[in-house]
Amino acid sequence: MTAVDDKPITQPCAEAAKPVPRWALHRRLYDWVLSFADHKHSTTALFVLSFAESSFFPIPPDVLLGPLCLGARRKSLWFATVCTIASVLGAFLGYLIGWAAIDLALLIPGITQPRIDWLAGKFDEQGQWYVFIAALTPIPFKLLTITAGFAKMNLLVFAVACVVGRAARFYIVAMVFWLIGPKAVPFIDKYFNLLCVVFVILLVGGFVVIKMMH
């Protein structure tokens with residue numbers, strides 16, 4: 001496979017695509033994010049998505065990072081760098097929310113006071129590992145960035161954990177999509193629901209790992 005794939009990709013077989021059911025909100029949200037891959041401001045969209053996901057938005061930037069890497073393979077490292085920088089900056093916003101506006105954080109889906117309290121109690125000894133694991137895995141990163149702020153985690157340790165975890169995550173994703181090539185998009189489209197199930201399993205598994213670390 002050559003590196004001539006430097007034009008934005010389009011979703012395959014759009015004319016044959018099946019209509020998305022009304023209940024499939026996860027698929028509709030995914031398709032909306034994916035639509036930015038063909039936009040001239042796709043890199044800006046990637047930055048905004050990566051920033052927002054670290055503090056309040058539910059969709060991980062990987063869903064846009066992957067298609068961008070497929071569409072402009074020579075820029076894969078650049079896209080991963082954009083993701084990393086934006087995500088770390090967003091992590092500081094999450095930290096600020098937890099530190100100064102925890103009541104506002106509780107309005108975010110998936111953020112609850114019991115979870116915040118439980119994680120905050122673990123941060124004195126293992127906070128850096130919790131942040132790192134969340135930065136690297138499908139665990140909602142915003143849950144840990146907000147908790148870190150609520151627990152007044154050392155800001156330098158927090159920053160290092162975020163940078164290392166997020167960089168490892170996004171550079172690996174970029175490399176994988178660069179290696180497997182354009183076949184990834186029809187594969188994701190065909191097995192989307194199965195991949196969502198796998199994602200949820202990994203998400204739950206990540207929480208189990210965190211719970212076992214105390």
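The values are calculated or read from the model by the stated rules, or taken from the named source; none is laboratory data. None of these values were measured; they are calculated from a predicted model. Every residue, glycine as well, gets a Cβ built from its backbone with ideal geometry; the counts of neighbours run over all protein chains shown.
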So for the stretch 45-56 (the condition being charged (D, E, K, R) and more than 12 Å from the chain's Cα centre (by Cα)), does at least one residue qualify? no
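Every residue, every condition in (1) modelled with pLDDT under 85; (2) of a type in the set (Ser, Thr, Tyr); (3) closer than 21 Å to Pro140 by Cα, yes or no:
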site: Gln11; (1), (2), (3): yes, no, no
site: Ala14; (1), (2), (3): yes, no, no
site: Trp32; (1), (2), (3): yes, no, yes
site: Lys40; (1), (2), (3): yes, no, no
site: Gly66; (1), (2), (3): yes, no, yes
site: Leu70; (1), (2), (3): yes, no, no
site: Ala80; (1), (2), (3): no, no, yes
site: Val88; (1), (2), (3): no, no, yes
site: Phe92; (1), (2), (3): no, no, yes
Checking the conditions here, which among Lys152, Lys142 is of a type outside the set (Val, Ile, Thr), part of a helix (DSSP H, G or I) and within 19 Å of Phe92 (Cα to Cα)? Lys142
Quick one: in the stretch 107-120, which of the residues that are of a type outside the set (Val, Ile, Thr) and in contact (Cβ under 8 Å) with a residue 24 or more places away in the chain is surrounded by the fewest Cβ atoms within 10 Å (Cβ to Cβ)? Pro109
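For the condition hydroxyl-bearing (Ser, Thr, Tyr), in contact with a helix residue (DSSP H, G or I) (Cβ under 6 Å, 6 or more places away or on another chain) and not in a helix (DSSP H, G or I), what is the one hit in Ser76, Ser50, Ser55?
Only one candidate passes the filter, namely Ser55.
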Give the residues of the stretch 134-149 that are of a type in the set (A, V, I, L, M, F, W, C) and crowded, with 22+ Cβ neighbours inside 10 Å, sorted by residue number. Ala134, Ala135, Phe141, Leu143, Leu144, Ile146, Ala148
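From the residues in the stretch 92-110 that are among the aliphatic types (A, V, I, L, M) and assigned to a loop (DSSP other than H, G, I, E, B), which one is farthest from the chain's Cα centre (by Cα)?
Ala101
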Hey, can you tell me all the residues within the stretch 57-91 that are surrounded by fewer than 18 Cβ atoms within 10 Å (Cβ to Cβ) and more than 15 Å from the chain's Cα centre (by Cα)? Arg74, Lys75, Leu77, Trp78
What residue, of Val204, Val160, Val208, Val131, is part of a helix (DSSP H, G or I), surrounded by fewer than 17 Cβ atoms within 10 Å (Cβ to Cβ) and modelled with pLDDT of 85 or more? Val160
